Amino acid sequence: MVTPIDRSSLQLAPTPIKVVNRRNKLNVTDFNENNLLEPRNDLQEEVSPFPAELLYHGEYHNDLPIIEHEREKRSSKLSANFLTEHINAEQRRLVVVFMIRLGIHCRYPSYIVYQSVKLFDAIMDKISVETMFIQLAALASLWIALKKQENFDKIPTATDIVALAKDLYIGREDLLKAYERKILRILDFNITFADAFSLFTHHLVSCKRYIDVPNETTTFLYNCGGYLIDVTLLDEQFCRTSVNLIVRTAMELVLGLVLDLTADNATPRWLFWRGLLFAAIPRPIDSSGLSYYSRHAIADSEDWITSQSKPTLEIPKISSLLFHLVY
């Protein structure tokens, strides 16, 4: 898998941009003949150190877990033959590394790369693709995700997309468009998957109401959580894991690693953060009489998370390109 990164080193990361809200505060008495002729210099600037991702869905904050749960239920599910017929685990891992590197090189948001990988997994589970065109299927998946979620002026052309694979598909924009149509047709336009980043943001904002930490720490928690979500894309074991479970585990792990800086490891401090999450997250009741989060906490968390006395992070060898998030 080759990308433009192979030709030159990455540029320095851009300076983080702060969200600036400017309000012009005017009084009714200001509107007279004299004042209207004078320029105004009383613009007040309110700077938020939070990433924009922590601010954009505030109006429907409590509804977001339900929305993402519905998206996950309606999304295309992987079959039992995934990674055994049309693509193997090593091929998939190489493609995911390629897509993550593209996201870094082109500075695409992580949630778009995440949706691209999910879309690629879904289509590779359903159709057979010649080895030389697997990378093209990944590019088509990325293109679809960009068209669906990126601003119109930032959507690359077909020529720009095929150029991301260096000279492998130069001049074959028609193939890219053909794969785009094939993906949409095979999946019947069911190309939306639960957004792990929105769900993580919801959990973080919910917990922020109960913990007294600087805004810079909140931003650091957000970036750490985003990294852990990116890491799960590299391991095929997470392909079928519930987004809710992945996000809650990432949230608990980040809170534990960043905020539980204590020498006494005898007390399972992560239990406190789990209780905080349960208290902060709304739990809709379903037909069984149990909330969605309660059912999955019993069915999944008890087996996968609470089997250990405390959360641990297994540090992998860099050469293996495998990262494991282990409880």
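The values are calculated or read from the model by the stated rules, or taken from the named source; none is laboratory data. Since the structure is predicted, the reported quantities are computational estimates derived from the model, not experimental observations. Glycine also receives a Cβ, built like all others from the backbone with ideal geometry; neighbour counts cover every protein chain displayed.
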- Message: Tell me the residue from Thr217, Thr201 that is more than 21 Å from Val96 (Cα to Cα) and surrounded by fewer than 16 Cβ atoms within 10 Å (Cβ to Cβ), please.
- Response: Thr217
- Task: Please specify each residue of region 84-102 satisfying the condition of being touching a helix residue (DSSP H, G or I) at 6+ places or on another chain (Cβ under 7 Å) and either free of Cβ contacts under 8 Å to residues at least 12 places away in the same chain or in a loop (DSSP other than H, G, I, E, B) (or both).
- Result: His86, Ile87
- Search result, residues across region 124-152 that are in a helix (DSSP H, G or I) and not hydrophobic (A, V, I, L, M, F, W, C): Thr131, Gln135, Ser141, Lys147, Lys148, Gln149
- Any idea which of Asn223, Asn265 is at pLDDT 65 or above, polar (S, T, N, Q) and out of contact with any helix residue (DSSP H, G or I) (no Cβ under 6 Å at 6 or more places or on another chain)? Asn223
- Within region 107-123, is there a residue that is in contact with a His (Cβ under 8 Å, 6 or more places away or on another chain), part of a helix (DSSP H, G or I), within 22 Å of Ala194 (Cα to Cα) and at pLDDT 95 or above? no
- Task: Say whether the condition of being out of contact with any Leu (no Cβ under 7 Å at 6 or more places or on another chain), among the basic types (Lys, Arg), over 21 Å from Ile67 (Cα atoms) and surrounded by 13 or more Cβ atoms within 10 Å (Cβ to Cβ) is met by at least one residue in region 178-189.
- Result: yes
- Take region 161-176 and flag every residue that is without any contact (Cβ under 8 Å) to a residue 40 or more places away in the chain and either outside any helix (DSSP H, G or I) or loosely packed, with under 14 Cβ neighbours inside 10 Å (or both). Asp167, Tyr169, Ile170, Gly171, Arg172, Asp174
- Task: Within region 206-232, count every residue that is under 21 Å from Glu70 (Cα atoms) and within 17 Å of the chain's Cα centre (by Cα).
- Result: 1
- Message: Can you tell me which residue is nearest to the chain's Cα centre (by Cα) among those in region 132-148 that are free of Cβ contacts under 8 Å to residues at least 40 places away in the same chain and surrounded by fewer than 20 Cβ atoms within 10 Å (Cβ to Cβ)?
- Response: Lys147
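Yes/no matrix, rows are residues, columns are (1) at pLDDT 95 or above; (2) closer than 19 Å to Arg93 by Cβ:
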| residue | (1), (2) |
| --- | --- |
| Leu136 | yes, yes |
| Glu150 | no, no |
| Ile155 | no, no |
| Leu175 | yes, no |
